[in-house]
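Worksheet for the structure shown next.
None of the figures in this text is laboratory data; all of them are computed from the coordinates on show. The model shown is predicted, which means the values in this text are computed figures rather than measured ones. We place every Cβ from the backbone using ideal geometry, glycine too, and count neighbours over all the protein chains shown.
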């Protein structure tokens, strides 16, 4: 139970960070006139932070294992780049709330498919009536929050 609460709080903080990231990077992109340049700065800061954490936790040596990994696993980096570039460009034009609404909707759909079919090595968690109703309520809640 303690692990569950700890994991939930970490992910809650990550979830809080997503719209903050969107708003901050959108502003940086607008101020400097280049969403791509703003995203590049974000990646440099993120890379620096990741390297520092890896160094502090003894993970830097694990980078030597990367060349032996399946190439498709590296596509996650492209997905992060797509997210950051798209949110940085779209948020000032569409609104942070609207952009995040569709990000959340996409996350619900994608997470459900990954769990349902055990994609990418994830544990299978079938979509039953209760889980489907919960996901539907979450999607409706996100929609209603955006409409209010």
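In the set 52, 42, 28, 60, only one residue is closer than 17 Å to residue 92 by Cα, more than 18 Å from the chain's Cα centre (by Cα) and surrounded by 10 or more Cβ atoms within 10 Å (Cβ to Cβ); that residue is 28. In region 115-136 there is no residue that is surrounded by 14 or more Cβ atoms within 10 Å (Cβ to Cβ) and under 16 Å from residue 19 (Cα atoms). Can you find even one residue in region 134-142 that is in a helix (DSSP H, G or I) and in contact (Cβ under 8 Å) with a residue 60 or more places away in the chain? Within region 134-142, not a single residue is in a helix (DSSP H, G or I) and in contact (Cβ under 8 Å) with a residue 60 or more places away in the chain.
If the condition is being touching a helix residue (DSSP H, G or I) at 6+ places or on another chain (Cβ under 7 Å) and farther than 26 Å from residue 120 by Cα, then region 42-72 contributes only 42. For region 106-118, the count of residues that are within 20 Å of residue 14 (Cβ to Cβ), over 16 Å from the mean Cα position of the chain (by Cα) and without any contact (Cβ under 8 Å) to a residue 60 or more places away in the chain is at least one.
If I filter region 70-77 for residues that are under 12 Å from the mean Cα position of the chain (by Cα), exposed (fewer than 15 other Cβ atoms within 10 Å of the Cβ) and farther than 30 Å from residue 141 by Cβ, do I get at least one hit? Scanning region 70-77, I find at least one residue that is under 12 Å from the mean Cα position of the chain (by Cα), exposed (fewer than 15 other Cβ atoms within 10 Å of the Cβ) and farther than 30 Å from residue 141 by Cβ, so the answer is yes.
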